[in-house]
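Q: Below is one structure. I have some questions about it.
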Amino acid sequence: MKVVFYARGEDFSDWLPSVTELLPGADCRLWSETEMPDWQADYALVWQPPQALFERHTQLKAIINLGAGVDKLLALPGLPEGVPVLKLRDAGMATWMTDYVRYGLLHFSRDFDAYQRQQRRSVWQPEKIDARSNWPVGILGMGAIGSQVARRLSDDGYIVRGWSRTEKVVAGVESFTGQDALSAFLRGTRVLVNLLPSSPHTQGLVNGPVLEQLLPEAVVINVGRGEVVDSPALIDSLRKQRLRGAMLDVFEYEPLSQDSPLWSMDNVIITPHIAAPTSIRDAIEQAKEYIHAIGLGLPVKAVDRTLGY
């Protein structure tokens, strides 16, 4: 079995121990344009790879994306047709994602945003603690990660609602399905958590009219894809205080431009796409499961290229 590896921004030496342990006997090589011309990989383990990789490796049985988001991979010119694209489904990321969302919830619901402003003015003023029932959470995107985040927040005692393209059933979570149910979902949501992938169907979904339907003093937490949120509409809502605040980990263009007004807003928390880092071991274990299934001729759940996930 031959495996070619490329992960933009990653050090292959960090991945090699897990690759060696979990894929014993595999001939795994780091992508290089100077590879031996007669060496053809069976599988590609990639994150934001160059187009040249697929021009060079033309006999792939599968392309395994080392992350949950596949939008940039699917947009790559020359991505071979007919080769299944497989993505990581959770692979340990749900725990990190839940921590991030919990932090955002606590920051706003426990008034830490207000205390930060008080500190700058040397003000000592305790705020009344609000009940969690007054902070209903709406999860946009109930895939593998979104469903786990929703369930864990429900276990924490929050009212949780989930919206998705197809119906998802998660214990303790109210489910809303399809475009027709979006307004009802929004009208009962105070904390909107975006976990949707970027696709032609989701880009710009969270726009001005959507934000206006949220409950008063609403908060937006974006950990899915930046393209899903209409940035000018979000900035306008924050400036006019239609929203209490936002916690943003992903943006349409990264890194976030230095001249973005979001940097200077005191009701915004910005982080550099760190909400749910990929666990190397979990990623390679999932790749191993994919490769094993393909080797046995078993079906694997590939990305639907038309839907973008």
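Q: Of the numbered conditions (1) buried (at least 19 other Cβ atoms within 10 Å of the Cβ); (2) hydrophobic (A, V, I, L, M, F, W, C); (3) under 30 Å from Val300 (Cα atoms), Ile274 satisfies every one except a single condition; which is it?
A: Only one criterion in (1) buried (at least 19 other Cβ atoms within 10 Å of the Cβ); (2) hydrophobic (A, V, I, L, M, F, W, C); (3) under 30 Å from Val300 (Cα atoms) is unmet by Ile274, namely (1).
Q: With respect to Gly141, determine if the residue is on the phi > 0 side of the Ramachandran plot and open to solvent by less than 20 Å² (accessible area, probe 1.4 Å).
A: So Gly141 passes the test.
Q: Hey, another quick one. Would you say Ile270 is within 18 Å of Ala68 (Cα to Cα) and of a type in the set (Val, Ile, Thr)?
A: Against the criterion (within 18 Å of Ala68 (Cα to Cα) and of a type in the set (Val, Ile, Thr)), Ile270 does not qualify.
Q: Within segment 32-67, can you find the residues that are more than 21 Å from Ile280 (Cα to Cα), of a type in the set (A, V, I, L, M, F, W, C) and under 28 Å from the mean Cα position of the chain (by Cα)?
A: Answer for segment 32-67, where residues must be more than 21 Å from Ile280 (Cα to Cα), of a type in the set (A, V, I, L, M, F, W, C) and under 28 Å from the mean Cα position of the chain (by Cα): Ala52, Leu53, Phe54, Leu60.
Q: Quick check: anything in segment 216-225 open to solvent by 40 Å² or more (accessible area, probe 1.4 Å) and either within 26 Å of Pro200 (Cα to Cα) or in contact with a Cys (Cβ under 9 Å, 6 or more places away or on another chain) (or both)?
A: no
Q: Moving on. What strands (runs of 3 or more DSSP E) lie completely within segment 88-199 and have 2 or more residues being aliphatic (A, V, I, L, M)?
A: So the answer is 137-140, 191-194.
Q: Additional query: Only one residue in Val206, Val191, Val160, Val210 is out of contact with any Phe, Trp or Tyr (no Cβ under 7 Å at 6 or more places or on another chain) and under 13 Å from Leu105 (Cα atoms), so which one is that?
A: Val160
Q: Look through Phe185, Phe251 and report the one residue that is free of Cβ contacts under 8 Å to residues at least 60 places away in the same chain and open to solvent by less than 20 Å² (accessible area, probe 1.4 Å).
A: Phe185
The values are calculated or read from the model by the stated rules, or taken from the named source; none is laboratory data. Here the structure is a predicted model, which means the values were calculated and not measured. Positions of Cβ are backbone-derived with ideal geometry, glycine not excepted, and every protein chain shown enters the neighbour counts. Note: areas computed on protein heavy atoms with side chains; ligands, DNA, RNA excluded. Shrake-Rupley method; radii C 1.70, N 1.55, O 1.52, S 1.80 Å.
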